[in-house]
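Just so it is clear, none of the values below were taken in a lab; they were calculated from the coordinates. Worth saying up front: this structure is predicted, and the values here are computed from it rather than measured. Cβ: placed from backbone, ideal geometry, glycine included. Neighbour counts: every protein chain shown.
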Amino acid sequence: MNDYEIHERTISLIGEEAFEKLTNAKVVLIGLGGVGSYILEALARAGIGHLVVADFEKIELSNINRQLLALHSTLGHKKTDCAYNRVKDINPNIEVKCYDIFVNKENISDIVKDDTDYIIDAIDSVQSKIDIIKYSKEKGIRIISCMGTGNKTDNICFKIASIKKTDTCPLAKKIRKILSSEGISDVDVLFSSCSNEKKISGAIPSISYVPSTAGLLIAGYVIQKLIEE
């Protein structure tokens, strides 16, 4: 296999030195849903050399409308297994470690090692988000956390900023308040300044192009930060 040919267009854009930084980088991605699956795709195709992924769910029919890994052929499969197979099909040389678990403060140290260059939080659980952010701050590992992407039809209102500069997003408001009580006021997040479409009480509605946009924006941000390092 001609590895150079796989990445030739990437290297011609960013240069060999920058590409080498990507191949040496280790990124931990927590969550492989509507946002996380597109982050995974972009990281793998950009040439990130070491990926750690975590998700405890299996693929369901309701995932197909927005999640890259969700197909009729993958129904019932673990998301981590599908992620591993897809990444290896994109680039067999990527080192991939999978954790089929719900990430919390008890097990995060098993997933995020000290040699991690970046943590990406793409999960829904508020408490786990807090646990992951706190751990990243304690270890001095860079992190970006995804706020709410559901219940929206507009995908042009996403921004990446410190959580102290967020507005509109109800999830960001909740996370910001909890982090503030823990003495944390500065963490990079992706959030939407668009209002929610409707009041809901059940499953959060979503559409294909919104969480995917968020995922690609996060991936691009992390890739650029790794190159700038």
Just checking, how many residues over region 69-83 are under 22 Å from residue 132 (Cβ atoms) and surrounded by fewer than 23 Cβ atoms within 10 Å (Cβ to Cβ)? 2
Given 30, 48, 39, 64, which one is farther than 18 Å from residue 95 by Cα and β-branched (Val, Ile, Thr)? 64
Could you tell me which of the residues 66, 86 is charged (D, E, K, R), surrounded by 15 or more Cβ atoms within 10 Å (Cβ to Cβ), outside any loop (DSSP other than H, G, I, E, B) and out of contact with any Cys (no Cβ under 9 Å at 6 or more places or on another chain)? 86
List every residue pair whose Cβ atoms sit under 7 Å apart, with the two residues 6 or more apart in sequence or on different chains, where the first one lies in region 92-111 and is free of Cβ contacts under 8 Å to residues at least 60 places away in the same chain and the second, anywhere, is buried (at least 17 other Cβ atoms within 10 Å of the Cβ) and of a type in the set (D, E, K, R). 100/78; 104/131; 105/131; 108/131
Please go through region 1-60 and give me each residue that is surrounded by fewer than 23 Cβ atoms within 10 Å (Cβ to Cβ) and acidic (Asp, Glu), ordered by number. 3, 5, 8, 16, 17, 20, 41, 57, 60
Taking region 99-113 and keeping residues outside any loop (DSSP other than H, G, I, E, B) and crowded, with 19+ Cβ neighbours inside 10 Å leaves 108, 111
Those residues of region 71-111 that are within 20 Å of residue 47 (Cα to Cα) and touching a Phe, Trp or Tyr at 6+ places or on another chain (Cβ under 8 Å) come to a total of 3
Filter region 7-28 down to the residues that are assigned to a loop (DSSP other than H, G, I, E, B) and out of contact with any helix residue (DSSP H, G or I) (no Cβ under 6 Å at 6 or more places or on another chain) and list them by number. 15
